[in-house]
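Below is one structure, written out as structure tokens; the observations come after it.
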Amino acid sequence: MDLDWNDVHYFILLMEKETLTAAANALNVEHGTVSRRIERLEKQLGLHLFDRINKRYLPTDDGRELYQEAKKLQLNIKQFAQTAQDKRESVGEVAVSAPPFVANSLLAPTLALFYQRFSYIRLIIQSDSVISNLHARQADIALRIAEPLQEDLVARRLCYVKYRWFAHRSYLQHEPQESWQYLSLQLAGTHEKWLQTELNGKPIRFACNDFQVMKAAIAQKMGIGLLPICHADHPDFAAIEEMEDFTAPLYLVMHEDVRASKKVRTVADFLIEMLAD
């Protein structure tokens, strides 16, 4: 039996209003439409649902029993529609892992624009110098300064980050060049190889794996350290012109299983728009 839900809806209204005119007004249709719908429903069911007494439609025993079932169906349909609406309006979470300097200097300035466009997505920014494990779903998207080697990770180069050696101006004024101390970074990939060459034979006073810590060490006049230019926003920092700059890519990385997710793809596309050169 191929029932039309609208016929059942008309049946419910006529049960409750008792006249064609009142039901038609509630439905904003002609009363003849209500009459045709009820006749069709009775024919499909093979049941007599109403006794017509003057202008009133009074339910038969079958009509009263089916009315209770129809109300259950109506409630289920409302719940179905509400669930669909809740799904449309629900806030989806997307976790983005990034080194602290990327989160502070590159991601943070884009947040207002992101939420103007995508208020239905809740970003979780994981600012950590430790690389998130995308295989364990610690993050949906990772911004990395080292290219991943795993075959099931999808990487896109966004831009090149330029790094420069900096020191506090007071340190340079009071320390002769032959007494300079250097601050090293313990980073993977091309950064590590380049630093080993650049600092070979130089006195290393301090090492860390976080550019925020490096920035604090330079501010405390501990020596000369490498910083991304975008993160070296300190009025008392001076670039060391005698030392070579370094440039390395920033990658957007996703596990191939999550890149089909609409919300993850939305965030990835926004990051590409904002950060890609």
- Within the range 185-212, residues loosely packed, with under 14 Cβ neighbours inside 10 Å, within 21 Å of S127 (Cα to Cα) and aliphatic (A, V, I, L, M) come out as A188
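If you check K221, K215, which single one turns out to be surrounded by 15 or more Cβ atoms within 10 Å (Cβ to Cβ), on the phi > 0 side of the Ramachandran plot and not assigned by TED's automatic domain parsing to the domain that holds A103? Before the answer, list the steps.
Working: K215 fails: on the phi > 0 side of the Ramachandran plot.
Exactly one residue qualifies, and that residue is K221.
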- Item | Those residues of the range 156-196 which are among the charged types (D, E, K, R), assigned to a helix (DSSP H, G or I) and touching a strand residue (DSSP E or B) at 6+ places or on another chain (Cβ under 9 Å), in sequence order | R169, E192
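Which one of these is of a type outside the set (D, E) and on the phi > 0 side of the Ramachandran plot: G92, G46, G32?
Values: G92 fails: on the phi > 0 side of the Ramachandran plot; G32 fails: on the phi > 0 side of the Ramachandran plot.
The conditions single out G46.
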- Would you please name the residue that is modelled with the lowest pLDDT, looking only at residues in the range 130-147 that are out of contact with any Ser or Thr (no Cβ under 6 Å at 6 or more places or on another chain) and surrounded by fewer than 17 Cβ atoms within 10 Å (Cβ to Cβ)? H135
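Yes/no matrix, rows are residues, columns are (1) at pLDDT 75 or above; (2) surrounded by fewer than 17 Cβ atoms within 10 Å (Cβ to Cβ); (3) out of contact with any strand residue (DSSP E or B) (no Cβ under 9 Å at 6 or more places or on another chain):
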residue	(1), (2), (3)
K78	yes, yes, yes
D86	no, yes, yes
S97	yes, no, no
L106	yes, no, no
I121	yes, no, no
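The values are calculated or read from the model by the stated rules, or taken from the named source; none is laboratory data. Since the structure is predicted, the reported quantities are computational estimates derived from the model, not experimental observations. We place every Cβ from the backbone using ideal geometry, glycine too, and count neighbours over all the protein chains shown.
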